[in-house]
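Undergrad: I'd like to ask some things about the structure below.
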Amino acid sequence: MTTEEKKVKAWTMLKEQEDSLREKRLKIEEELFDLLESKEEGSKTTNMDNFKVTITNGYTRKLDIDEWKNVCGLIPEEFWPQKITVSLDEKIYKDLKENHPEYYKIAAQAVTAKPKKPGFKVVVL
């Protein structure tokens, strides 16, 4: 077995252990959630002799743009629960690099790039 194969075998074994432990941890979190006080939204801390446990609860909310367009006129604009954000369009940015380098050079001055953590997928054959 090559060094690479040994490393991949070790990786797969550790990944299985990690997945199993994660599953067990999530089960205990469910049990603790039922046992301890929590808020519908926000954080609640429970102090014990040897532990302090904080449960944070909440919602992920998303504005339905099409429906919002239908109802926003019924609310004064200063009370609109919307935020407009500007973000990088990766597809256009990459297209600039390939097809319009003169514009890419300018746009790149306002873009910060950090390397992502490499992802691994191993299939046992």
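Undergrad: Give the residue, chosen from Val123, Val86, that is out of contact with any His (no Cβ under 6 Å at 6 or more places or on another chain), at pLDDT below 95, among the hydrophobic types (A, V, I, L, M, F, W, C) and more than 30 Å from Glu4 (Cβ to Cβ). Write out each step before concluding.
TA: Values: Val123 fails: more than 30 Å from Glu4 (Cβ to Cβ).
Selected residue: Val86, the only one of Val123, Val86 that is out of contact with any His (no Cβ under 6 Å at 6 or more places or on another chain), at pLDDT below 95, among the hydrophobic types (A, V, I, L, M, F, W, C) and more than 30 Å from Glu4 (Cβ to Cβ).
Undergrad: Could you list all residues from segment 7-29 that are among the charged types (D, E, K, R) and closer than 14 Å to Val123 by Cα?
TA: Our first condition is that a residue be among the charged types (D, E, K, R); within segment 7-29, this holds for 7, 9, 15-16, 18-19, 22-25, 27, 29.
Within segment 7-29, Lys7, Lys9, Lys15, Glu16 meet the criteria.
Undergrad: Within segment 1-18, which residues are acidic (Asp, Glu) and surrounded by 10 or more Cβ atoms within 10 Å (Cβ to Cβ)? Before the answer, list the steps.
TA: Our first condition is that a residue be acidic (Asp, Glu); within segment 1-18, this holds for 4-5, 16, 18.
Hits for segment 1-18 are Glu16, Glu18.
Undergrad: Additional query: Looking at segment 1-119, what helices (runs of 4 or more DSSP H) fall wholly within it and have at least 3 residues that are under 28 Å from the mean Cα position of the chain (by Cα) and free of Cβ contacts under 8 Å to residues at least 12 places away in the same chain?
TA: Numbers: elements: 3-35, 65-71, 90-99, 101-107.
Output list reads 3-35, 65-71, 90-99.
The values are calculated or read from the model by the stated rules, or taken from the named source; none is laboratory data. Quick caveat, the model's predicted, so the values are computed rather than measured. All Cβ positions, glycine included, derive from the backbone under ideal geometry; neighbour counts span all protein chains shown.
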